[in-house]
Each structure stands twice: as C-alpha cells, then as structure tokens.
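The values are calculated or read from the model by the stated rules, or taken from the named source; none is laboratory data. Since the structure is predicted, the reported quantities are computational estimates derived from the model, not experimental observations. Using ideal geometry, Cβ is built from the backbone for each residue, glycine included, and neighbour counts are taken over all protein chains shown.
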Amino acid sequence: MAILTTGPIENNAVFGIRPTQQVTIKIDNNSSSESATVLIEGYFLNGARTLYVQELFTLTPNAVETRNYFADFDAYEFVFTKGGTAQQDVNISVWGKNSLGQLVAAHRVLYSELERNEAGVTGATGPTGATGSTGSTGPTGATGPAGATGPAGATGPAGATGSAGEAGATGATGPTGEAGATGATGPAGATGSTGATGPAGEAGSTGATGPAGETGSTGATGPAGEAGSTGATGPAGSPIPISVNRIYVTNEGSNTVSVIDGFSESIIATISVGSFPWGVSVNPATNRIYVTNRASNTVSVIEGMTNNVINEVTVGSSPRGVSVNPATNSIYVANANSDNVSVIDGLSNSVIAIVPVGIFPEAVSVNPATNRIYAANGFSSTVSVIDGISNNVIATVPVGTAPRGVSVNSVTNCIYVTNRGTNSVSVIDGFSNSVIAIIPVDLNPRGVSVNPATNRIYVTNEGSSTVSVIDGHSNSVIVTVPVGISPRGLGVNPLTNGIYAANGNSSNVSVISGNTNIVISNIEVGSGPLSVGVNP
C-alpha cells in the first residue's frame, strides 16, 4: 500500500473569484495483467481539515479513470491510497480547472511520509532537453580613459657569470708544518654477542601473593556480528477510516429517539425528547445529535457519548427537517408553519439568525463544501438556496409538486429533491442552481439520502413501501427494494455502505446492504419511526 498527497493547495480568490473551481483527477493502470485499488480522499481546509470526498474503486489492467470534484475553496488537499498487486503501475495526475472547465493549474502528487507506508521506486530520469541557441554578441563598449602610470618594476636578475680565465703556473712547495693536536676519541664500537646462558639455579620457595594490580583499560569493541534476516512484513492496515456506526431514529408516536449500534444491529439506548419528534441530524465532529420536536417547537440537543439531552433550543413553529454543517458547527431547522429556517450556533446552542424562505418548508440539507443550504418548500414547489455566510436566500429553484425531502452530494455538488405530488426526484446542479434531470420513482416519494462514496441516491416511496436506488452518474433508477410499511426517512453510512429506512407503520427500521441492494435485517424501534440520522 502506498499513500500519495497533493499537500495543502492554496486557492485564494483573485478579484473575488477563486482560480480553481473544480479538480480533475486522472488515474491509469499501466499493468497489462494485474489490478489495483485506489482510495481518493478530498479535504477542504478552513481552520480545520474536513473530509468531503471519499471514493474507493478498482482499476482493471490498462484501465484509465477520470474523476471531477468540486474545489471552490480557499484551500484543499487530496490524498490517494494505492493498493493491489499493480499499485506500482498506477499513475495519478491532478488538474485545477475554472468554472468553464479550462485548465488553470497542474498539481504535483508526492508520496506521504506516513508510518508503515513506503514510497515506490523512483522513475527513470527523462532525457536532457536540447541546448538553446547562443544569443547574438552585444556591441563593444566604449574605450575607458587611460589609467595612471604604474610604479617602476623590480630590478631584473643578475646576468650569467663569465667563463673562467686560464690557470697560472704552479708555485714551489712550502715547508712541512708542525703536527696538529690529537683528534677527539671516536665512537664506541658495537656490543659483542651475548654469551651462552648458564644453567638455571634451583627454584626458591613461592613468595607471598602481592596486592592485585589496577584494572587495565577496556579493550576496543570487537566487530559487530552479522545482521539477522528481516522478519516477515506485517499485514497492511485498512485504508478506510474506523466507523463509529451509530444510527439515530426519531419515533413520533413514542416521543423518543432509538440509538442503534450498526455493528450489532441492536438498540443500545432509548432517549426521551420533546413532543412529536420529527427530524434528526448528527455533527460527527462534536458527536452532538439534533432532534426537531414538531409539537414542542424546540430542538433537543443530545450528547452522543452519554446519550443524554443536554439542551433544548426554542425555534419556529412546527419544526420539521434539520441539517448540520460540521465545518461551521451551524445547525439549520426548517420551520414549516413559520415559513423560515432557524440557524443555531452549535457552541452556544442559541438561534443566531432566522431566514425567510418559501411556504411550508419541510426539509433542509447542507453542502459543507460550498456552505450552501437547501430548503424544500412543500406548498411553493420550490427549493430555497441559502448562503451560509450571509444567511440570505441567493436563489429559488422551481421543482416538482409538493417537495418533501432534500439531500446533497458534496462530491458532485448535486442536490436531490423528492416530489411527492409528481412521484419524481429533481436533480439540481449546485453550480448553476438549475434542474438538470427529473427521475421517475415509485408512489409518494418522501425521504432521500446520498452515499457520496458510491454516488448512489436512496429514496423512500411511502405509498408503495419501497426504496428506489438511483445511480448518480446516469440519473436513473437501477433497482427498487421492498421494505416495511410506509417508509419515511432514511440514512446512509458511507463507510459501511449500510442504508437504514424508517418504516412508519411497521415500527421498525429496514437495513439494506449497499453492496447487494438487499434487506439484510429489520430492527424494532419505537412507535411511528420517522427520520434517521447516522454518525459514520
């Protein structure tokens, strides 16, 4: 397994527009016989590192995959985890594009220095580029002024000695001089060889043992022994983050919330809340759960560690849908009878803004990547688009009759709206705020939820007791799954690919495997289950 990353990428606005609006990722497998897997994880960086893209897929031999992701942030980062026998043959490139799809940046992809992950082999050095031609010689500069006369040079060396003259005649021999003094004594001669050793005398008695001498200094360390053989490589860790896997179900008839452990598929807690609980949403960053109480006009705040209600926040009349932005810790509540949306600050648990929308808003959903909020207005047959910075409506999008549910795919920036009156799902493009597809489904569609990791959309059809599974690439229904009686809300765990449908008249929750699109269990909950929230 190898992990690569783009590192943090700055994308600050220039004249009010960020250079990169979307990212195109191309991945190819150069192996002609082996397969590989790639996990793509995208994070937007806004004082915190928030995951908004997570997609795992398999590359068959010689396959090429292209993915386009929303990237209109001040900063973002993509991480790629390669696995499989052909991982060394997988190449990845990342390109930044503007809103017109034009290339504006090419981003490098480097190996991440993460524990237990080694970099692949270095690729061969490319050929040296050709030498450019020599530029033309510039014009000769003007002659500078004459310098001052330098000092006198040093005296040169003496000339060669002339040839010797002819020798004169030898003079007569002088008388013999007196004898000189005796010279100094010469050095001693070399020592003669040693004579033969005489016979050994008898051994004397042993003397008393003398005191022990001081310990000598430690000798030099001997050479290191040969290294032992390398131990077997441990198993690779999973590239998928660990799942919390808690499911929260509002029970309208018993004024409670059922807490389900997704691993054991059993109820681990039942929490009393306000009157006629309707919507539920989870902030995984704080482990807080928010429940709208339709008849109490309040929102119950639940601490996920203790499963206790720690606060009650008063909102508008008949609150229905609720959605959390984990990046800003803001909670949005659709107040059906007040025709507005309450904005709650998750730190203070107080309402900080009230946003007027259409008539009878029943559902609300957040795109944390763009900080846009979408409210489905049941009696206006529209969706209000709210800017999360200004808390103002910036667009109103007409959809089908009597919209009841709304959900966002933050990876593709597509919004899915269930239209109860026309038995359809409207698909809104988050870039243009326009409907780009209408998908027919079964009778009286209500709840909707998205798995961004698989780009699958799940819709409960209350009138036909089914769940429609939509492929986000083709915008078509690929399978219809029978569930309990009158399914209402539903939730998805993108890490386990489990789908949970609340069956209002069966008082249970159907668990669907996203891999097989088959109901694998039914979990008994309270009376009249209505909405589902998931902490993945």
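Can you tell me which residue within the stretch 494-504, out of those that are part of a loop (DSSP other than H, G, I, E, B) and modelled with pLDDT of 95 or more, is surrounded by the fewest Cβ atoms within 10 Å (Cβ to Cβ)? Restricting to residues being part of a loop (DSSP other than H, G, I, E, B) and modelled with pLDDT of 95 or more, the top hit is 497. Do we have any residue at all in the stretch 23-31 that's surrounded by fewer than 17 Cβ atoms within 10 Å (Cβ to Cβ) and under 24 Å from residue 366 (Cα atoms)? Yes: one or more hits. Looking at the stretch 371-383, is at least one residue of a type outside the set (A, V, I, L, M), out of contact with any Ser or Thr (no Cβ under 9 Å at 6 or more places or on another chain), farther than 27 Å from residue 423 by Cα and in the same structural domain as residue 491 (by the TED database)? Looking for residues that are of a type outside the set (A, V, I, L, M), out of contact with any Ser or Thr (no Cβ under 9 Å at 6 or more places or on another chain), farther than 27 Å from residue 423 by Cα and in the same structural domain as residue 491 (by the TED database), one finds none in the stretch 371-383, hence no. Would you confirm, using the coordinates I've provided, whether residue 296 is crowded, with 24+ Cβ neighbours inside 10 Å and either in a strand (DSSP E or B) or among the polar types (S, T, N, Q) (or both)? Against the criterion (crowded, with 24+ Cβ neighbours inside 10 Å and either in a strand (DSSP E or B) or among the polar types (S, T, N, Q) (or both)), residue 296 does not qualify.
Would it be correct to say that residue 443 is farther than 26 Å from residue 286 by Cβ and either assigned to a strand (DSSP E or B) or not polar (S, T, N, Q) (or both)? For residue 443, the condition - farther than 26 Å from residue 286 by Cβ and either assigned to a strand (DSSP E or B) or not polar (S, T, N, Q) (or both) - is met.
Quick one: in the stretch 55-71, of everything that is in contact (Cβ under 8 Å) with a residue 60 or more places away in the chain and surrounded by 20 or more Cβ atoms within 10 Å (Cβ to Cβ), which residue is farthest from residue 514 (Cα to Cα)? This residue is 71.
The rows are residues; the columns are (1) touching a residue at least 60 places away in the same chain (Cβ under 8 Å); (2) of a type in the set (D, E, K, R); (3) surrounded by fewer than 24 Cβ atoms within 10 Å (Cβ to Cβ); (4) at positive phi.
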| site | (1), (2), (3), (4) |
| --- | --- |
| 318 | no, no, yes, yes |
| 339 | no, yes, yes, yes |
| 349 | no, no, yes, yes |
| 354 | no, no, yes, no |
| 359 | no, no, yes, no |
| 368 | yes, no, yes, no |
| 371 | no, no, yes, yes |
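Of the residues making up the stretch 94-110, those that are touching a residue at least 24 places away in the same chain (Cβ under 8 Å) and either exposed (fewer than 14 other Cβ atoms within 10 Å of the Cβ) or touching a Pro at 6+ places or on another chain (Cβ under 8 Å) (or both) are 96, 98, 99, 101, 104, 105, 108, 110. Taking the listed residues 413, 419, the one that is touching a residue at least 60 places away in the same chain (Cβ under 8 Å) and among the polar types (S, T, N, Q) is 413, with no other qualifying.
Within this structure, residue 457 fails the test of being surrounded by fewer than 22 Cβ atoms within 10 Å (Cβ to Cβ) and either at pLDDT below 95 or not in a loop (DSSP other than H, G, I, E, B) (or both). Out of the residues in the stretch 473-493 that are in contact (Cβ under 8 Å) with a residue 24 or more places away in the chain and of a type in the set (Gly, Ala, Ser), state the one that is surrounded by the most Cβ atoms within 10 Å (Cβ to Cβ). Checked the stretch 473-493; the qualifying residue surrounded by the most Cβ atoms within 10 Å (Cβ to Cβ) is 489.
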